[in-house]
1. Per residue, what accessible area does the chain have, given a 1.4 Å probe and all protein chains present, in Å²?
2. As an exercise, identify the trypsin sites (Lys or Arg not before Pro) in segment 162-245 lying in DSSP coil whose Cβ has no more than 14 other Cβ atoms within 10 Å.
3. Convert each backbone phi in segment 210-218 into a coupling constant with the Karplus relation 6.51 cos²θ - 1.76 cosθ + 1.60 (shift: θ = phi - 60°), then list the ³J(HN,Hα) values in order as whole Hz, x for Gly and Pro.
4. Place the peptides 158-165, 17-24 in order of packing, highest mean first, counting for every residue the other Cβ atoms within 10 Å and averaging per peptide.
5. Leaving out ligands, DNA and RNA, what percent of the accessible area of segment 300-421 is carbon and sulfur, probe 1.4 Å?
6. Counting only protein heavy atoms and using a 1.4 Å probe, what share of the accessible area of segment 10-86 belongs to carbon plus sulfur, as a whole percent?
7. Which of these, Ala408, Ala321, Ala93, has the largest mean-square fluctuation under a Gaussian network model of the chain (Cα springs below 10 Å)?
8. Any idea how far the Cα center of segment 206-280 sits from the one of segment 162-197, in Å?
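The values are calculated or read from the model by the stated rules, or taken from the named source; none is laboratory data. Owing to the predicted nature of the structure, the values given are computational and were not obtained by experimental measurement. Ideal geometry is used to build each Cβ from the backbone, glycine not excepted, and the neighbour counts take in all protein chains shown. What goes into the accessible areas is simple: the full protein's heavy atoms, side chains included, and nothing from ligands, DNA or RNA. Shrake-Rupley method; radii C 1.70, N 1.55, O 1.52, S 1.80 Å.
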Amino acid sequence: MDKLVIEGGYPLEGEVCISGAKNAALPILIASLLSDEPLNLQNVPYLQDIETCIDLLSALGVQVKHKEASCLLQANHVTNFDAPYGLVKTMRASILVLGPLLAKYGEARVSLPGGCAIGSRPVDIHIKGLELMGAKLIIDKGYISATTAHLPNKKLQGCSIFMDQVTVGGTENLMMAAVLAEGETILENAAKEPEIVDLGNCLIKMGAIIDGLGTDKIIIQGVSSLKEASYKIMFDRIEAGTFMVAAAMTGGKVVCKNINPEEMESITQKIKESGAKVEVREDSILVCGNKKLESVKIITAPYPAFPTDMQAQFMALNVVAEGVGEITETIFENRFMHAQELIRMGAEIDIKQNTAITKGGNILTGANVMATDLRASASLVLAGLVAKGKTTIERIYHLDRGYEKLEAKFNILGAKIKRLN
Ligand code: UD1
(Lines give C-alpha, C1' and ligand atoms only; values in the text may rest on other atoms or scores of the structure.)
Protein backbone atom coordinates (compact mmCIF):
# COMPACT_ATOMS: atom_id res chain seq x y z
CA MET A 1 0.00 0.00 0.00
CA ASP A 2 1.26 3.49 -0.82
CA LYS A 3 2.46 5.87 1.89
CA LEU A 4 3.22 9.56 1.86
CA VAL A 5 6.35 10.87 3.52
CA ILE A 6 6.22 14.60 4.24
CA GLU A 7 9.13 16.73 5.33
CA GLY A 8 7.54 19.63 7.16
CA GLY A 9 8.46 23.27 7.46
CA TYR A 10 8.26 24.67 3.94
CA PRO A 11 5.87 27.57 3.20
CA LEU A 12 3.76 27.02 0.09
CA GLU A 13 3.93 29.59 -2.68
CA GLY A 14 2.46 29.77 -6.16
CA GLU A 15 -0.69 28.98 -8.07
CA VAL A 16 -2.75 25.82 -8.03
CA CYS A 17 -5.45 24.85 -10.54
CA ILE A 18 -8.37 23.34 -8.69
CA SER A 19 -9.77 20.18 -10.31
CA GLY A 20 -13.35 19.23 -11.07
CA ALA A 21 -15.50 18.38 -8.06
CA LYS A 22 -15.67 14.71 -7.09
CA ASN A 23 -19.06 15.22 -5.44
CA ALA A 24 -20.51 16.79 -8.59
CA ALA A 25 -18.80 14.43 -11.03
CA LEU A 26 -20.11 11.24 -9.37
CA PRO A 27 -23.86 12.02 -9.62
CA ILE A 28 -23.37 13.59 -13.07
CA LEU A 29 -21.63 10.46 -14.40
CA ILE A 30 -24.50 8.42 -12.96
CA ALA A 31 -27.06 10.76 -14.60
CA SER A 32 -25.90 9.29 -17.94
CA LEU A 33 -28.10 6.27 -17.06
CA LEU A 34 -31.19 8.43 -17.63
CA SER A 35 -30.59 8.91 -21.36
CA ASP A 36 -30.06 6.79 -24.48
CA GLU A 37 -28.09 9.65 -25.99
CA PRO A 38 -24.39 10.49 -25.41
CA LEU A 39 -23.35 12.63 -22.45
CA ASN A 40 -20.04 14.39 -22.97
CA LEU A 41 -18.40 15.59 -19.75
CA GLN A 42 -15.40 17.84 -19.22
CA ASN A 43 -13.38 18.70 -16.10
CA VAL A 44 -13.82 15.18 -14.73
CA PRO A 45 -11.23 14.76 -11.95
CA TYR A 46 -8.86 11.81 -12.13
CA LEU A 47 -9.63 9.99 -8.86
CA GLN A 48 -10.16 6.49 -7.52
CA ASP A 49 -13.85 7.19 -6.80
CA ILE A 50 -14.36 8.26 -10.43
CA GLU A 51 -12.72 5.02 -11.61
CA THR A 52 -15.00 3.04 -9.28
CA CYS A 53 -18.04 4.90 -10.61
CA ILE A 54 -17.00 4.21 -14.21
CA ASP A 55 -16.48 0.50 -13.35
CA LEU A 56 -19.98 0.41 -11.87
CA LEU A 57 -21.56 2.13 -14.90
CA SER A 58 -19.64 -0.17 -17.27
CA ALA A 59 -20.86 -3.20 -15.31
CA LEU A 60 -24.43 -1.97 -15.84
CA GLY A 61 -23.77 -1.74 -19.59
CA VAL A 62 -22.97 1.96 -20.06
CA GLN A 63 -20.34 2.58 -22.74
CA VAL A 64 -17.69 4.85 -21.30
CA LYS A 65 -14.74 6.51 -23.01
CA HIS A 66 -12.61 8.25 -20.42
CA LYS A 67 -9.54 10.22 -21.42
CA GLU A 68 -7.87 12.68 -19.08
CA ALA A 69 -10.54 15.17 -17.93
CA SER A 70 -13.09 14.15 -20.60
CA CYS A 71 -15.61 11.39 -20.32
CA LEU A 72 -18.09 10.30 -22.97
CA LEU A 73 -20.90 8.09 -21.73
CA GLN A 74 -23.76 6.42 -23.55
CA ALA A 75 -26.33 4.28 -21.81
CA ASN A 76 -28.36 2.88 -24.70
CA HIS A 77 -27.49 -0.76 -23.97
CA VAL A 78 -28.07 -1.12 -20.25
CA THR A 79 -28.95 -4.75 -19.55
CA ASN A 80 -27.87 -5.20 -15.94
CA PHE A 81 -29.65 -3.41 -13.10
CA ASP A 82 -27.59 -4.79 -10.27
CA ALA A 83 -25.06 -2.71 -8.25
CA PRO A 84 -23.12 -5.29 -6.26
CA TYR A 85 -21.83 -4.96 -2.68
CA GLY A 86 -18.19 -5.09 -3.83
CA LEU A 87 -18.54 -1.73 -5.60
CA VAL A 88 -21.10 -0.05 -3.31
CA LYS A 89 -19.03 -0.73 -0.18
CA THR A 90 -15.96 1.01 -1.63
CA MET A 91 -17.99 4.02 -2.74
CA ARG A 92 -21.24 4.95 -1.04
CA ALA A 93 -22.30 7.25 -3.89
CA SER A 94 -23.07 4.04 -5.86
CA ILE A 95 -26.49 4.19 -4.16
CA LEU A 96 -27.23 7.03 -6.64
CA VAL A 97 -27.84 4.50 -9.44
CA LEU A 98 -31.04 3.44 -7.66
CA GLY A 99 -33.20 6.43 -8.72
CA PRO A 100 -32.03 6.61 -12.36
CA LEU A 101 -32.28 2.83 -12.95
CA LEU A 102 -35.76 2.75 -11.49
CA ALA A 103 -36.91 5.81 -13.44
CA LYS A 104 -35.54 4.62 -16.78
CA TYR A 105 -35.81 0.81 -16.60
CA GLY A 106 -38.35 0.24 -13.83
CA GLU A 107 -35.98 -2.13 -12.07
CA ALA A 108 -32.92 -1.93 -9.81
CA ARG A 109 -31.05 -4.05 -7.31
CA VAL A 110 -28.52 -2.10 -5.28
CA SER A 111 -26.52 -3.23 -2.29
CA LEU A 112 -27.15 -1.29 0.91
CA PRO A 113 -23.98 0.71 1.60
CA GLY A 114 -23.83 -0.29 5.27
CA GLY A 115 -21.87 1.66 7.88
CA CYS A 116 -18.67 3.47 7.14
CA ALA A 117 -15.79 5.02 9.02
CA ILE A 118 -17.57 8.33 9.61
CA GLY A 119 -20.91 7.00 10.81
CA SER A 120 -23.90 4.82 10.06
CA ARG A 121 -25.09 6.91 7.06
CA PRO A 122 -28.51 5.36 6.39
CA VAL A 123 -30.35 5.69 3.06
CA ASP A 124 -33.89 5.64 4.46
CA ILE A 125 -34.77 9.03 2.92
CA HIS A 126 -33.78 7.81 -0.58
CA ILE A 127 -35.99 4.73 -0.07
CA LYS A 128 -38.94 6.61 1.38
CA GLY A 129 -38.92 9.13 -1.49
CA LEU A 130 -38.94 6.42 -4.16
CA GLU A 131 -41.78 4.64 -2.32
CA LEU A 132 -43.78 7.88 -2.34
CA MET A 133 -43.24 7.94 -6.11
CA GLY A 134 -44.95 4.57 -6.24
CA ALA A 135 -41.99 2.17 -6.44
CA LYS A 136 -42.01 -1.12 -4.50
CA LEU A 137 -38.79 -1.62 -2.59
CA ILE A 138 -37.80 -4.73 -0.68
CA ILE A 139 -34.73 -5.01 1.49
CA ASP A 140 -33.40 -8.53 1.57
CA LYS A 141 -29.96 -9.98 2.36
CA GLY A 142 -28.35 -6.52 2.32
CA TYR A 143 -29.81 -5.53 -1.06
CA ILE A 144 -32.52 -3.07 -2.04
CA SER A 145 -34.63 -4.61 -4.82
CA ALA A 146 -36.92 -2.07 -6.44
CA THR A 147 -39.51 -2.20 -9.18
CA THR A 148 -42.12 -0.05 -10.89
CA ALA A 149 -43.68 -3.01 -12.81
CA HIS A 150 -47.08 -2.44 -11.11
CA LEU A 151 -47.29 1.28 -12.04
CA PRO A 152 -49.04 2.76 -15.15
CA ASN A 153 -46.55 2.44 -18.04
CA LYS A 154 -44.15 1.17 -15.34
CA LYS A 155 -43.32 4.82 -14.62
CA LEU A 156 -42.56 6.48 -11.30
CA GLN A 157 -45.30 8.93 -10.37
CA GLY A 158 -44.50 12.56 -9.56
CA CYS A 159 -45.50 13.60 -6.05
CA SER A 160 -44.59 15.87 -3.16
CA ILE A 161 -41.71 14.63 -1.00
CA PHE A 162 -40.67 16.27 2.25
CA MET A 163 -37.25 14.98 3.25
CA ASP A 164 -37.00 14.62 7.04
CA GLN A 165 -33.35 15.61 7.02
CA VAL A 166 -31.28 17.62 4.56
CA THR A 167 -29.44 15.01 2.51
CA VAL A 168 -27.16 15.63 -0.45
CA GLY A 169 -27.33 12.08 -1.85
CA GLY A 170 -31.06 11.77 -1.13
CA THR A 171 -31.82 15.01 -2.99
CA GLU A 172 -29.69 13.87 -5.95
CA ASN A 173 -31.21 10.39 -6.13
CA LEU A 174 -34.80 11.68 -5.99
CA MET A 175 -34.13 14.57 -8.38
CA MET A 176 -32.73 12.14 -10.97
CA ALA A 177 -35.66 9.76 -10.46
CA ALA A 178 -38.18 12.61 -10.86
CA VAL A 179 -36.71 13.76 -14.19
CA LEU A 180 -38.29 10.78 -16.00
CA ALA A 181 -41.32 10.35 -13.71
CA GLU A 182 -44.91 10.94 -14.78
CA GLY A 183 -45.96 14.50 -13.83
CA GLU A 184 -44.59 16.93 -11.26
CA THR A 185 -42.36 16.12 -8.29
CA ILE A 186 -41.71 18.60 -5.51
CA LEU A 187 -38.71 17.98 -3.27
CA GLU A 188 -39.01 19.90 -0.01
CA ASN A 189 -36.26 20.44 2.54
CA ALA A 190 -33.90 19.70 -0.35
CA ALA A 191 -30.15 20.16 -0.02
CA LYS A 192 -28.75 23.36 -1.59
CA GLU A 193 -25.14 22.35 -2.17
CA PRO A 194 -23.55 23.78 -5.36
CA GLU A 195 -22.85 20.17 -6.47
CA ILE A 196 -26.64 19.57 -6.53
CA VAL A 197 -27.11 22.72 -8.59
CA ASP A 198 -24.38 21.42 -10.93
CA LEU A 199 -26.15 18.07 -11.32
CA GLY A 200 -29.44 19.92 -11.92
CA ASN A 201 -27.87 22.17 -14.55
CA CYS A 202 -26.43 19.14 -16.36
CA LEU A 203 -29.86 17.45 -16.27
CA ILE A 204 -31.42 20.64 -17.68
CA LYS A 205 -28.87 20.56 -20.53
CA MET A 206 -29.97 16.96 -21.13
CA GLY A 207 -33.58 18.18 -21.48
CA ALA A 208 -34.92 17.90 -17.92
CA ILE A 209 -37.30 20.54 -16.57
CA ILE A 210 -36.16 21.63 -13.10
CA ASP A 211 -36.91 24.74 -11.05
CA GLY A 212 -35.67 25.94 -7.68
CA LEU A 213 -32.10 24.61 -7.83
CA GLY A 214 -30.08 26.01 -4.95
CA THR A 215 -33.21 26.44 -2.81
CA ASP A 216 -34.84 23.99 -0.41
CA LYS A 217 -37.77 23.43 -2.80
CA ILE A 218 -36.89 21.79 -6.11
CA ILE A 219 -39.71 21.29 -8.61
CA ILE A 220 -39.26 18.79 -11.42
CA GLN A 221 -41.63 18.22 -14.36
CA GLY A 222 -41.10 14.71 -15.68
CA VAL A 223 -40.19 14.28 -19.37
CA SER A 224 -40.35 11.12 -21.49
CA SER A 225 -36.71 11.12 -22.61
CA LEU A 226 -33.50 13.13 -22.52
CA LYS A 227 -31.19 14.25 -25.31
CA GLU A 228 -27.48 14.45 -26.12
CA ALA A 229 -25.58 16.97 -24.00
CA SER A 230 -22.16 18.32 -23.19
CA TYR A 231 -21.34 19.65 -19.72
CA LYS A 232 -18.36 21.01 -17.76
CA ILE A 233 -18.23 19.88 -14.14
CA MET A 234 -17.80 22.56 -11.45
CA PHE A 235 -14.62 23.02 -9.38
CA ASP A 236 -13.97 21.08 -6.18
CA ARG A 237 -14.81 23.31 -3.19
CA ILE A 238 -13.12 20.97 -0.74
CA GLU A 239 -9.89 20.73 -2.71
CA ALA A 240 -9.80 24.53 -2.92
CA GLY A 241 -10.50 24.84 0.81
CA THR A 242 -7.74 22.36 1.62
CA PHE A 243 -5.16 24.42 -0.33
CA MET A 244 -6.41 27.61 1.34
CA VAL A 245 -5.86 26.11 4.79
CA ALA A 246 -2.43 24.84 3.69
CA ALA A 247 -1.45 28.36 2.57
CA ALA A 248 -2.60 29.82 5.89
CA MET A 249 -0.93 27.16 8.06
CA THR A 250 2.44 27.23 6.31
CA GLY A 251 2.58 31.03 6.24
CA GLY A 252 2.67 30.82 2.46
CA LYS A 253 1.07 32.62 -0.44
CA VAL A 254 -1.16 30.54 -2.70
CA VAL A 255 -3.63 31.39 -5.46
CA CYS A 256 -6.40 28.81 -5.94
CA LYS A 257 -7.44 29.14 -9.58
CA ASN A 258 -10.48 28.07 -11.65
CA ILE A 259 -12.99 28.42 -8.85
CA ASN A 260 -16.14 30.38 -8.07
CA PRO A 261 -15.32 32.34 -4.88
CA GLU A 262 -19.04 32.88 -4.16
CA GLU A 263 -19.40 29.18 -3.44
CA MET A 264 -16.46 29.27 -1.01
CA GLU A 265 -17.86 31.89 1.37
CA SER A 266 -18.22 29.88 4.60
CA ILE A 267 -14.66 28.57 4.16
CA THR A 268 -13.18 31.93 3.12
CA GLN A 269 -14.79 33.52 6.18
CA LYS A 270 -13.04 31.08 8.54
CA ILE A 271 -9.69 31.57 6.78
CA LYS A 272 -10.11 35.34 7.33
CA GLU A 273 -11.03 34.79 10.98
CA SER A 274 -7.82 32.79 11.41
CA GLY A 275 -5.91 35.97 10.58
CA ALA A 276 -4.66 34.94 7.14
CA LYS A 277 -4.99 37.53 4.40
CA VAL A 278 -7.53 36.67 1.74
CA GLU A 279 -7.95 38.36 -1.61
CA VAL A 280 -11.08 37.29 -3.48
CA ARG A 281 -10.76 37.70 -7.25
CA GLU A 282 -13.16 36.92 -10.08
CA ASP A 283 -12.34 33.23 -10.44
CA SER A 284 -9.58 32.70 -7.91
CA ILE A 285 -8.70 33.33 -4.27
CA LEU A 286 -5.30 34.35 -2.91
CA VAL A 287 -4.46 33.31 0.66
CA CYS A 288 -1.39 34.72 2.41
CA GLY A 289 -0.50 33.13 5.71
CA ASN A 290 0.22 35.12 8.82
CA LYS A 291 2.93 34.08 11.28
CA LYS A 292 0.35 34.39 14.06
CA LEU A 293 -2.81 32.46 13.25
CA GLU A 294 -5.85 32.48 15.54
CA SER A 295 -7.97 29.38 16.23
CA VAL A 296 -11.50 29.46 14.85
CA LYS A 297 -14.91 28.25 15.96
CA ILE A 298 -16.77 26.07 13.49
CA ILE A 299 -20.16 24.38 13.43
CA THR A 300 -20.71 22.11 10.43
CA ALA A 301 -24.12 22.20 8.76
CA PRO A 302 -25.64 21.85 5.27
CA TYR A 303 -24.76 24.47 2.61
CA PRO A 304 -24.47 27.46 2.75
CA ALA A 305 -23.10 26.82 6.26
CA PHE A 306 -19.67 25.35 6.92
CA PRO A 307 -19.13 21.95 5.19
CA THR A 308 -18.42 18.82 7.25
CA ASP A 309 -15.87 17.87 4.57
CA MET A 310 -13.65 20.81 5.68
CA GLN A 311 -13.70 20.41 9.47
CA ALA A 312 -10.75 17.99 9.67
CA GLN A 313 -8.52 20.41 7.77
CA PHE A 314 -9.49 23.29 10.10
CA MET A 315 -8.79 21.09 13.11
CA ALA A 316 -5.18 20.84 11.91
CA LEU A 317 -5.13 24.64 11.65
CA ASN A 318 -6.64 25.13 15.12
CA VAL A 319 -4.01 22.87 16.67
CA VAL A 320 -1.12 25.12 15.59
CA ALA A 321 -2.96 28.46 15.79
CA GLU A 322 -3.11 30.57 18.95
CA GLY A 323 -5.95 30.18 21.44
CA VAL A 324 -8.68 27.69 22.14
CA GLY A 325 -10.54 26.43 19.06
CA GLU A 326 -13.85 24.64 18.82
CA ILE A 327 -15.24 22.44 16.07
CA THR A 328 -18.76 21.05 16.38
CA GLU A 329 -19.74 18.33 13.92
CA THR A 330 -23.50 18.12 13.34
CA ILE A 331 -23.71 15.99 10.16
CA PHE A 332 -21.84 12.74 10.89
CA GLU A 333 -21.58 11.15 14.31
CA ASN A 334 -18.09 9.69 14.11
CA ARG A 335 -16.01 12.17 12.24
CA PHE A 336 -13.15 13.00 14.62
CA MET A 337 -10.89 10.04 14.00
CA HIS A 338 -8.17 12.34 12.70
CA ALA A 339 -7.99 13.87 16.20
CA GLN A 340 -6.26 10.76 17.61
CA GLU A 341 -3.66 10.86 14.84
CA LEU A 342 -3.09 14.61 15.29
CA ILE A 343 -2.59 13.96 19.02
CA ARG A 344 0.18 11.50 18.08
CA MET A 345 1.91 14.42 16.36
CA GLY A 346 1.70 16.57 19.51
CA ALA A 347 -1.75 18.14 19.24
CA GLU A 348 -3.81 18.77 22.36
CA ILE A 349 -7.43 17.99 21.51
CA ASP A 350 -10.26 17.23 23.84
CA ILE A 351 -13.36 15.62 22.34
CA LYS A 352 -16.59 16.30 24.20
CA GLN A 353 -19.47 14.57 22.44
CA ASN A 354 -19.59 16.14 18.97
CA THR A 355 -17.22 19.02 19.75
CA ALA A 356 -13.44 19.01 19.41
CA ILE A 357 -11.73 21.58 21.58
CA THR A 358 -8.17 22.41 20.66
CA LYS A 359 -5.82 24.11 23.10
CA GLY A 360 -3.84 25.79 20.32
CA GLY A 361 -0.22 26.82 20.00
CA ASN A 362 1.01 23.23 19.66
CA ILE A 363 4.28 22.55 17.91
CA LEU A 364 3.77 19.39 15.91
CA THR A 365 6.46 16.80 15.35
CA GLY A 366 6.50 14.30 12.50
CA ALA A 367 5.18 10.82 13.31
CA ASN A 368 3.80 7.69 11.67
CA VAL A 369 0.09 8.25 11.28
CA MET A 370 -2.79 6.45 9.64
CA ALA A 371 -5.39 7.90 7.29
CA THR A 372 -8.89 6.82 8.33
CA ASP A 373 -11.13 8.56 5.82
CA LEU A 374 -10.79 10.94 2.93
CA ARG A 375 -10.91 14.31 4.70
CA ALA A 376 -9.14 12.98 7.82
CA SER A 377 -6.21 12.11 5.54
CA ALA A 378 -6.13 15.67 4.25
CA SER A 379 -5.82 17.02 7.80
CA LEU A 380 -2.82 14.75 8.39
CA VAL A 381 -1.15 16.05 5.23
CA LEU A 382 -1.70 19.63 6.45
CA ALA A 383 -0.28 18.76 9.87
CA GLY A 384 2.70 17.09 8.18
CA LEU A 385 3.39 20.23 6.16
CA VAL A 386 4.04 22.24 9.35
CA ALA A 387 5.41 19.50 11.63
CA LYS A 388 9.06 19.29 12.60
CA GLY A 389 10.74 16.41 10.78
CA LYS A 390 9.14 13.60 8.82
CA THR A 391 5.52 12.53 8.87
CA THR A 392 4.63 9.20 7.28
CA ILE A 393 0.97 8.76 6.38
CA GLU A 394 -0.22 5.22 5.78
CA ARG A 395 -3.38 4.02 4.03
CA ILE A 396 -3.42 6.96 1.67
CA TYR A 397 -5.81 5.17 -0.67
CA HIS A 398 -8.38 7.30 1.15
CA LEU A 399 -6.69 10.44 -0.23
CA ASP A 400 -6.51 8.99 -3.74
CA ARG A 401 -10.29 8.53 -3.63
CA GLY A 402 -10.87 12.28 -3.53
CA TYR A 403 -7.80 14.44 -4.24
CA GLU A 404 -6.37 14.62 -7.75
CA LYS A 405 -2.54 14.52 -7.85
CA LEU A 406 -2.41 15.85 -4.30
CA GLU A 407 1.29 15.46 -3.62
CA ALA A 408 2.25 16.70 -7.11
CA LYS A 409 0.14 19.84 -6.63
CA PHE A 410 1.61 20.47 -3.16
CA ASN A 411 5.17 19.85 -4.39
CA ILE A 412 4.81 22.42 -7.18
CA LEU A 413 3.98 24.92 -4.41
CA GLY A 414 7.20 24.02 -2.56
CA ALA A 415 6.16 21.16 -0.28
CA LYS A 416 8.41 18.13 0.16
CA ILE A 417 6.15 15.11 -0.17
CA LYS A 418 7.22 11.69 -1.45
CA ARG A 419 4.98 8.77 -2.30
CA LEU A 420 6.41 5.38 -1.36
CA ASN A 421 4.98 2.15 -2.80
C1 UD1 B 1 -22.46 13.83 0.63
C2 UD1 B 1 -21.03 13.98 0.19
C3 UD1 B 1 -20.09 13.95 1.40
C4 UD1 B 1 -20.52 15.00 2.40
C5 UD1 B 1 -22.00 14.86 2.76
C6 UD1 B 1 -22.51 15.98 3.64
C7 UD1 B 1 -21.01 12.99 -2.01
C8 UD1 B 1 -20.58 11.86 -2.89
N9 UD1 B 1 -20.71 12.88 -0.72
O10 UD1 B 1 -22.59 12.55 1.26
O11 UD1 B 1 -18.76 14.22 0.93
O12 UD1 B 1 -19.75 14.83 3.59
O13 UD1 B 1 -22.79 14.88 1.55
O14 UD1 B 1 -22.29 17.21 3.05
O15 UD1 B 1 -21.59 13.96 -2.47
N16 UD1 B 1 -29.06 10.67 6.15
C17 UD1 B 1 -30.10 9.93 6.67
N18 UD1 B 1 -30.89 9.23 5.80
C19 UD1 B 1 -30.67 9.25 4.45
C20 UD1 B 1 -29.62 10.02 3.93
C21 UD1 B 1 -28.82 10.72 4.82
O22 UD1 B 1 -30.31 9.89 7.88
O23 UD1 B 1 -31.42 8.58 3.73
C24 UD1 B 1 -28.19 11.43 7.09
C25 UD1 B 1 -26.74 11.00 7.06
O26 UD1 B 1 -26.53 9.90 7.93
C27 UD1 B 1 -26.03 12.24 7.53
C28 UD1 B 1 -26.88 13.35 6.91
O29 UD1 B 1 -28.14 12.76 6.62
O30 UD1 B 1 -26.10 12.34 8.93
C31 UD1 B 1 -26.30 13.97 5.67
O32 UD1 B 1 -25.91 12.94 4.77
P33 UD1 B 1 -25.93 13.17 3.19
O34 UD1 B 1 -26.07 14.61 2.92
O35 UD1 B 1 -26.91 12.24 2.58
O36 UD1 B 1 -24.47 12.71 2.79
P37 UD1 B 1 -24.03 11.94 1.50
O38 UD1 B 1 -24.91 12.28 0.36
O39 UD1 B 1 -23.81 10.49 1.84
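1. Values: 16710 Å² over 421 residues.
Each residue of the chain exposes 40 Å² on average to a 1.4 Å probe.
2. Working: sites: Lys192, Lys205, Lys217, Lys227, Lys232, Arg237; in loops: Lys192, Lys227.
Passing both the DSSP loop test and the Cβ count: Lys227.
3. 9, 10, x, 4, x, 10, 8, 10, 9
4. Numbers: 158-165: 16.0, 17-24: 24.5.
The packing order, highest mean first, is 17-24, 158-165.
5. Numbers: 2510 of 4790 Å².
Result for segment 300-421: 52 percent of the exposed heavy-atom area is carbon or sulfur.
6. Numbers: 1390 of 2990 Å².
Ligands and nucleic acids excluded, carbon and sulfur reach 47 percent.
7. The residue that fluctuates most here is Ala408.
8. Cα centroid of segment 206-280 versus Cα centroid of segment 162-197: 19 Å apart.
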